[in-house]
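The values are calculated or read from the model by the stated rules, or taken from the named source; none is laboratory data. Just so it is clear, the structure is predicted and the values come from calculations on it, not from any experiment. Here Cβ is always computed from backbone atoms with ideal geometry, including for glycine, and neighbour counts include all displayed protein chains.
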Amino acid sequence: MAQPAQRPVFAPWNDPNEKPLIQFQNVTKKFGEFVAVDGITIDIFRREFFALLGPSGCGKTTLMRMLAGFEKPTEGQILLDGVDLAPIPPNKRETNMMFQSYALFPHLTVWDNIAFGLRRSEMPKDRIPARVEEMLRLTRLEKFARRKPHQISGGQRQRVALARSLAKAPKLLLLDEPLGALDKKLRQDTQFELMDIQEKTGTTFLIVTHDQEEAMTVASRVAVMDHGRMIQVDTPDRIYENPNSVYVADFIGDVNIVEGRATRKGDDKYAIAWAEGQPDIMATSNERIEQGTKVHFAIRPEKVAIATSRPTDRANVIEGKVSDIAYLGNISTYKVEVAGGRMIKAQVANERRLARRDITWDDKVFLSFTDTAGVILLR
Ligand code: ATP
């Protein structure tokens, strides 16, 4: 019998023979005394879609501007294909930066906007039209070639900017909030287009975004940044399911965080004492945690079940009272008050119509989860 086709796993960062395209080696950037980027070391690989995620001011744009050559590192080195970028001016780097504002020329047609950079490059003049046509096809803009930027929609302008950035076939495309100007629906569609174009051209993309869902959707790896440092660099699923810190758990998605003290119960099992008179929370960890260590237990609301009768098959059951319900159409989030006034959120997919829902405000409920549903965090 034929084996089902397996999608090859793309994970060059796990392959010791793979050479990185970009290497940040202990890179620091100071503006006066202020440290905007703080000793970052990271390898980014060919064909990666690498996302920088973090709150405003954490150093994302500065990191990107150093790659593009608009800022110089105060310390450390940045290599592209093994070559130190320091002496190479921005216009000679095989990188291209697409800005949030797109910066299209309003008086030029879509066609000429895309051709603009090529005309100033070393590309022979007679090859330019074919390249422009190829970019128009790639971004599905053939029909709009003769229009000016004000005669097309925001999403189409975004695609022109992308076509123009990719025309010179850079090794690395830097995208600073590329979808920031688009509304939510268009933004989601464009994310998929962006991934498709990235895959077709095989270009390495480095994207800066505020939007965690966007980073999770498009990226091969996500770097979560804070105060000029990368707190965790991992695949989207690991960032979500295995955050390495309270900061990352809290930054990505919705999460319940409970503080307590851990006691080892054998192998990878731990009991976390978190409230007077309450049963300990049972959880697992691959790390060896010393007896009595103060820890945080983090669990996503969708991993917490809610019921009006006590479940018998779950390692953890916590009693509480419904204090609030947020109905979001596809899901409902129940805020449940438990021991000591703490709130724990449980999220339920709305499989049934609203009218038949059986849990409501002030109901006594039982929250439950397995011992592997959450993570124990040590920092
Ligand atoms: P945002 O998401 O708001 O764009 P960011 O993470 O991209 O933020 P950066 O633009 O990299 O942040 O800025 C990092 C820090 O460095 C900020 O505190 C910013 O004020 C500071 N900074 C950036 N450029 C300069 C500059 N030219 N002079 C002084 N400080 C600067």
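Brief remarks follow.
- Condition met for LYS29 (more than 26 Å from GLN198 (Cα to Cα), among the basic types (Lys, Arg), surrounded by 15 or more Cβ atoms within 10 Å (Cβ to Cβ) and modelled with pLDDT of 95 or more): yes
- So ILE257, is it surrounded by fewer than 16 Cβ atoms within 10 Å (Cβ to Cβ), among the aliphatic types (A, V, I, L, M) and not in a loop (DSSP other than H, G, I, E, B): yes
- Residues considered: SER309, SER368. Of these, the only one that is part of a strand (DSSP E or B) and either surrounded by 11 or more Cβ atoms within 10 Å (Cβ to Cβ) or free of Cβ contacts under 8 Å to residues at least 60 places away in the same chain (or both) is SER368.
- Hey, HIS210 on the phi > 0 side of the Ramachandran plot, surrounded by fewer than 20 Cβ atoms within 10 Å (Cβ to Cβ) and out of contact with any Lys or Arg (no Cβ under 7 Å at 6 or more places or on another chain) or not: no
- The sole residue among VAL246, VAL208 that is touching a strand residue (DSSP E or B) at 6+ places or on another chain (Cβ under 8 Å) and within 28 Å of ASN96 (Cα to Cα) is VAL208.
- Note on the range 41-93: among residues that are exposed (fewer than 14 other Cβ atoms within 10 Å of the Cβ) and acidic (Asp, Glu), the one that is farthest from PHE10 (Cα to Cα) is GLU75.
- Only listed residue being of a type in the set (A, V, I, L, M, F, W, C) and in a loop (DSSP other than H, G, I, E, B), chosen from ALA275, ALA271: ALA275
- Annotation note: Cβ proximity below 8 Å between a residue of the range 210-221 that is closer than 16 Å to PHE45 by Cβ and a residue that is of a type in the set (A, V, I, L, M, F, W, C) and assigned to a loop (DSSP other than H, G, I, E, B) (sequence gap 6+ or interchain) occurs for SER220/PHE10.
- Of everything in the range 55-64 that is closer than 21 Å to LEU194 by Cα and not hydroxyl-bearing (Ser, Thr, Tyr), the residue that is farthest from the ligand (Cβ to nearest atom) is MET64.
- Lone unmet requirement of (1) touching a Ser or Thr at 6+ places or on another chain (Cβ under 8 Å); (2) of a type in the set (Asp, Glu); (3) farther than 29 Å from ASN244 by Cα for ASP196: (1)
- Residue list for the range 242-254, restricted to those being surrounded by fewer than 16 Cβ atoms within 10 Å (Cβ to Cβ) and either among the acidic types (Asp, Glu) or touching a Gly at 6+ places or on another chain (Cβ under 9 Å) (or both): ASP250, ASP254
- The selection criterion, being within 16 Å of the ligand (Cβ to nearest atom), part of a loop (DSSP other than H, G, I, E, B) and out of contact with any Leu (no Cβ under 6 Å at 6 or more places or on another chain), does not hold for PHE105.
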